[in-house]
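Visitor: The structure under discussion is supplied below as structure tokens; questions concerning it will follow.
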Amino acid sequence: MSEEKDKKISVWSKYTDEEKVALENLNKGYIDFLSTCKTERESVNHAIKAAENAGYKNFADVKTLQAGDKVYCTFMKKSIALFQIGSEPIERGLKILGAHIDTCRLDLKQNPLYEDGGLAYMDTHYYGGIKKYQWVALPLAMHGVVVKTDGTVIDIVIGEDESDPVFCVTDLLIHLAQEQMEKKASKVVEGENLDILVGNYPLKEGEKESVKAGVLKLLKDKYDIEEKDFISAELALVPAGKARELGFDRSMVLGYGQDDRVCSYTSLIAMLEVAEENLGRTACCLLVDKEEIGSYGATGMRSHFFENILAEVMNACGQYSEIGLRRALQNSVMLSSDVSSAYDALYASCFDKKNVAYLGKGMVFNKFTGSRGKSGASEANAEYVAKLRGVLEKNNVAYQFSELGKVDLGGGGTIALMTAVYGMDVIDSGVGVLSMHAPYETTSKIDIYETKKGYAAFLREM
């Protein structure tokens with residue numbers, strides 16, 4: 001078969017029966033992960049359990065490291081780094097898979113609960129870039145923690161079990177929405193109106209009745225939470241329910257938070273897949289917080305968490321020096337594991353068809369990010385791209401190169417910007433997504449499988 005004719009055959013048609021089984025098994029695990037891990041803390045807890053099952057140890061319990069050792073390090077329970085020590089000196093560089101585990105949502109404010117019109121609401125502040133109108137009249141679940149002054153941590157998940165209640169942001173009825181419908185989409189629903197409805201039964205207190213008091217009594221009775229405890233809480237509202245297979249042929253995944261948990265999951269699985277193999281250069285899987293708001297904060301990639309923990313790892317290996325750390329960072333190679341936009345025929349005018357990712361065509365690479373004239377871009381060197389192509393083709397990984405959309409239409413950035421400052425080779429790579437940043441996003445099972453294959457090949461051969 002000629003190479004040109006072979007290119008016209010779909011990735012799916014090239015799979016053996018064994019590969020199709022592997023694809024379905026990977027995606028079954030992914031759907032389970034997506035359904036249960038909806039916050040950074042939940043994703044970190046999942047990664048810890050998976051890592052320990054693969055023989056990883058908590059770095060806090062380890063004094064010295066040598067080639068072949070596997071450790072994980074967490075930071076504030078919302079970021080995690082896994083290291084598999086290679087046989088080569090770490091100053092020669094690491095092979096890094098870096099993804100983020102935060103995603104768009106509604107966060108409760110620190111003084112959220114109020115009553116108006118016989119209804120109890122909780123005030124929210126949206127997190128990340130969302131279309132606010134997409135979050136109304138949608139069943140929402142509450143995930144997070146409440147930390148009391150004595151240090152007690154109360155885990156909260158309400159709305160995922162079939163017996164649980166759910167919450168929602170109300171919408172204005174169409175019969176009264178003439179003025180609302182004339183507003184710009186960004187103003188149809190204001191950020192301050194994204195408050196969730198949480199109660200209607202009043203509690204009688206003397207001669208008065210209070211719905212807010214009724215909610216507080218329920219919280220006290222079931223969770224031992226008082227109103228003042230919301231001040232030290234991290235509670236998020238996310239779409240309730242499980243991720244699902246999409247389409248008659250079940251070829252896609254529909255679920256909340258696939259940007260960027262689809263890349264964090266495939267990165268983690270690839271890292272664990274090579275756990276028993278001998279690696280030359282040290283491998284690292286880095287799952288971080290705060291990417292959706294610019295990677296700021298202690299748990300974001302702009303912090304020194306990764307640099308500090310790498311210094312600690314090198315020290316445990318007996319290899320630390322300031323110049324050695326600088327060399328290790330500069331000599332590293334990285335895949336910034338993040339999603340890209342996928343072609344949507346309903347919005348064809350937004351894409352350059354020659355330079356866009358298509359669902360089912362494989363792993364996606366973005367040579368550069370940024371916006372308009374590549375402003376704020378991280379751009380990979382041609383030599384690095386060529387070497388990656390060789391590794392992918394050797395391992396029969398289906399891949400494609402893409403841009404986010406048409407020039408001058410938009411753009412974005414990833415954690416690649418934060419690692420490129422060290423001088424390391426880095427490129428964005430991951431899975432194409434439809435409806436990115438919507439409450440429910442769509443991905444292709446094929447792309448998920450090929451991306452995991454690509455990440456594993458990167459760890460083995462770069």
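The values are calculated or read from the model by the stated rules, or taken from the named source; none is laboratory data. Given the structure is predicted, the values throughout are model-derived calculations rather than measurements. All Cβ positions, glycine included, derive from the backbone under ideal geometry; neighbour counts span all protein chains shown.
Visitor: Based on this model, can you work out whether Cys263 counts as of a type in the set (A, V, I, L, M, F, W, C) and part of a strand (DSSP E or B)?
Guide: Taking the combined requirement at face value, the residue does not satisfy it.
The rows are residues; the columns are (1) under 17 Å from Phe306 (Cα atoms); (2) surrounded by fewer than 22 Cβ atoms within 10 Å (Cβ to Cβ); (3) acidic (Asp, Glu); (4) not assigned by TED's automatic domain parsing to the domain that holds Phe305.
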| position | (1), (2), (3), (4) |
| --- | --- |
| Lys28 | no, yes, no, no |
| Val44 | yes, no, no, no |
| Ala51 | no, no, no, no |
| Thr64 | no, yes, no, no |
| Lys109 | no, yes, no, yes |
| Glu115 | no, yes, yes, yes |
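Visitor: Moving on to the next point. State which residue is nearest to Asp249 (Cα to Cα) when the search covers only the stretch 436-462 and only residues that are in contact with a Ser or Thr (Cβ under 9 Å, 6 or more places away or on another chain) and part of a loop (DSSP other than H, G, I, E, B).
Guide: The extreme case among them is Met436.
Okay, residues lined up against (1) modelled with pLDDT under 95; (2) out of contact with any Gly (no Cβ under 8 Å at 6 or more places or on another chain); (3) not assigned by TED's automatic domain parsing to the domain that holds Leu388:
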{"position": "Tyr72", "(1), (2), (3)": "no, yes, no"}
{"position": "Lys77", "(1), (2), (3)": "no, yes, no"}
{"position": "Ile85", "(1), (2), (3)": "no, no, no"}
{"position": "Glu88", "(1), (2), (3)": "no, no, no"}
{"position": "Gly93", "(1), (2), (3)": "no, yes, no"}
{"position": "Leu119", "(1), (2), (3)": "no, no, yes"}
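Visitor: Take the stretch 1-53 and flag every residue that is assigned to a loop (DSSP other than H, G, I, E, B) and at pLDDT 95 or above.
Guide: Passing the criteria: Tyr15, Thr16, Cys37, Lys38, Thr39.
Visitor: Hey, Phe83 hits all of (1) without any contact (Cβ under 8 Å) to a residue 60 or more places away in the chain; (2) farther than 21 Å from Met363 by Cβ but one; which does it fall short on?
Guide: The number of the failed condition is (1).
Visitor: Follow-up. What are the pairs with Cβ atoms under 6 angstrom where one residue, in the stretch 373-387, is aliphatic (A, V, I, L, M) and the other, located anywhere, is surrounded by 10 or more Cβ atoms within 10 Å (Cβ to Cβ)? Sequence gap at least six, or different chains.
Guide: Hits for this filter: Ala377/Phe368; Ala377/Thr369; Ala377/Gly370; Ala380/Lys367; Ala380/Ile427.
Visitor: Then there's this: Can you pull out the residues in the stretch 306-323 that are among the aromatic types (Phe, Trp, Tyr) and under 17 Å from Ala67 (Cα atoms)?
Guide: Result: Tyr320, single match.
Visitor: Counting only residues that are of a type in the set (Lys, Arg) and closer than 30 Å to Met462 by Cβ, how many does the stretch 88-142 have?
Guide: Initial filter on the stretch 88-142 (of a type in the set (Lys, Arg)): 92, 95, 105, 109, 131-132.
So of that shortlist, the ones also closer than 30 Å to Met462 by Cβ come out as 92, 95.
The total comes to 2.
Visitor: Now for a different question. Do you know which of the residues in the stretch 437-458 that are surrounded by fewer than 24 Cβ atoms within 10 Å (Cβ to Cβ) and touching a strand residue (DSSP E or B) at 6+ places or on another chain (Cβ under 6 Å) is farthest from Arg389 (Cα to Cα)?
Guide: Looking at the filtered set, the residue picked out is Pro439.
Visitor: So which residues in the stretch 241-297 are over 27 Å from Glu307 (Cα atoms) and of a type in the set (Lys, Arg), if there are any at all?
Guide: Across the stretch 241-297, the qualifying residues are Lys242, Arg244, Arg250.
Visitor: Considering every residue within the stretch 192-213, establish whether at least one is of a type in the set (S, T, N, Q), more than 30 Å from Ser444 (Cβ to Cβ) and within 31 Å of the chain's Cα centre (by Cα).
Guide: Yes, the stretch 192-213 contains at least one residue that is of a type in the set (S, T, N, Q), more than 30 Å from Ser444 (Cβ to Cβ) and within 31 Å of the chain's Cα centre (by Cα).
Okay, residues lined up against (1) in contact with a strand residue (DSSP E or B) (Cβ under 6 Å, 6 or more places away or on another chain); (2) among the acidic types (Asp, Glu); (3) closer than 23 Å to Met436 by Cβ:
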site	(1), (2), (3)
Gly129	no, no, yes
His143	yes, no, yes
Ile154	yes, no, no
Val157	yes, no, no
Ile174	no, no, no
Gln178	no, no, no
Ser186	no, no, yes
